[in-house]
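Shown next, in structure tokens, is the structure this report addresses.
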Amino acid sequence: RKENINEKNYSNINEAVAFRITFDPFVHTYDSDAMELYFPTKCSRCGYSPQVMDLRVPKSNCKKDYGILSSYEYGISPSLKDKLIELFDITEKDFRQIVNKAGEIVYYQIAPQHIMLPLISVNRWRALKPCRKCGRIEYREKEYRNENDEQYRFITPEALQDLKDINVSYERFNMDMPLFVVSRRVYDYLSEIYPRMRFEPFFIKKTDDSN
């Protein structure tokens with residue numbers, strides 16, 4: 001059995017109950033496509049830029065079954081997407097197609113429909129003031145790191161009970177980016193097949209526990 005990179009990075013990984021996706025390597029869009037094509041600025045004050053079209057990626061850039069996209073979100077191969085839908089409580093709605101210039105589907109962007117319950121009460125996060133133009137709230141994070149300088153986070157019992165197999169965090173951070181989070185059983189499946197696939201763990205913490 002190949003060494004699991006997450007077991008190496010976190011001695012207490014067996015205690016984790018959920019996992020943030022942190023895949024690599026990069027899967028880049030076409031060099032000729034500016035990111036503004038996909039994410040035009042909607043709010044001139046805070047820079048809020050929602051995605052308006054499917055990402056376009058050359059098939060030759062999709063070298064592995066998983067990776068991080070140019071948008072700093074995450075993607076997987078069509079075959080892995082199909083397997084996750086077959087085995088878990090995950091549907092087609094949890095993904096957005098990625099095409100090449102010919103319009104052929106070459107990859108899938110992970111786009112979970114389920115929004116987690118807020119986790120600010122058990123993590124060292126803070127909300128910035130709402131944007132005065134669009135009202136959006138961005139969060140900042142003071143990181144927890146272990147003895148290997150690897151990051152981890154906490155989740156409440158209530159949020160864990162509400163958790164689905166694939167999720168996005170309620171809180172959004174720099175560039176309006178949420179955390180992409182999978183359940184323990186999805187993590188166990190993926191890390192068994194792909195022992196180099198990277199995740200960051202969540203551990204249980206009650207709201208009234210001290211930080």
Under the 7 Å Cα-to-Cβ spin-label approximation, residue 33 and residue 115 lie apart by a distance in nanometres of 2.6 nm
Among (i) 34, 19, 16; (ii) 32, 28, 13; (iii) 27, 24, 15, the entry matching semi-axes √(5λ) of the Cα gyration tensor in Å as calculated here is (iii)
Heavy-atom accessible area of residue 149, protein chains in place, probe 1.4 angstrom, given in Å² to nearest 10, is 100 Å²
For region 1-135, the percent of accessible surface on carbon and sulfur atoms (probe 1.4 angstrom, ligands and nucleic acids excluded) is 49 percent
Heads up, region 1-75 by the C-alpha gyration tensor (a ≥ b ≥ c square roots of eigenvalues; a/c under 1.5 rounded, else a/b over b/c prolate, else oblate) looks oblate
Note to self, the chain gives a 222 nm [θ] from helices alone (DSSP H runs n ≥ 4, -39500 (n - 2.57) apiece, / all residues, nearest 500) of -4000 deg cm²/dmol
With a ≥ b ≥ c from the Cα gyration tensor eigenvalues, square-rooted, and the rule rounded for a/c under 1.5, otherwise prolate when a/b > b/c and oblate otherwise, region 97-211 is oblate
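Do you know the relative contact order of region 114-195, to the nearest whole percent, from alpha carbon pairs under 8 angstrom that are 6+ apart?
Values: 110 pairs, mean separation 25.8, N = 82.
Relative contact order, region 114-195: 32 percent.
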Expected field for residue 72, accessible surface area in Å² at 1.4 Å probe radius, rounded to 10, holds 110 Å²
The relative contact order of the chain, taking Cα pairs under 8 Å that sit 6 or more residues apart, comes to a percentage of 29 percent
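May I ask you to rank 73, 150, 143, 86 by accessible area, largest first, using a 1.4 Å probe over the protein chains only?
Values: 73 30, 150 50, 143 85, 86 130 Å².
Ranking 73, 150, 143, 86 by accessible area, largest first, yields 86, 143, 150, 73.
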Computed over region 95-186, protein heavy atoms only, probe 1.4 angstrom, the accessible area per residue in square angstrom equals 52 Å²
If R0 = 22 Å, then residue 85 and residue 188, at their Cβ-Cβ distance, give a FRET efficiency to the nearest 0.05 of 0.80
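Which pairs break 26 Å Cα to Cα here: 64/205; 164/206; 81/205; 59/81; 81/206; 64/206?
Working: 64/205 35 Å; 164/206 19 Å; 81/205 31 Å; 59/81 16 Å; 81/206 33 Å; 64/206 38 Å.
Cα-Cα > 26 Å for 64/205; 81/205; 81/206; 64/206; rest within.
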Once amide hydrogens are built 1.01 Å from N within the peptide plane, the residues lying 5 or more places from residue 69 or on another chain with amide H under 5 Å from its amide H are 27, 74, 75
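The values are calculated or read from the model by the stated rules, or taken from the named source; none is laboratory data. Since we're looking at a predicted model, the values are computed, not measured. Note that each Cβ is placed from the backbone with ideal geometry, even for glycine, and that neighbours are counted across all protein chains shown. Surface accessibility is based on the protein's heavy atoms, side chains included, excluding ligands, DNA and RNA. Shrake-Rupley method; radii C 1.70, N 1.55, O 1.52, S 1.80 Å.
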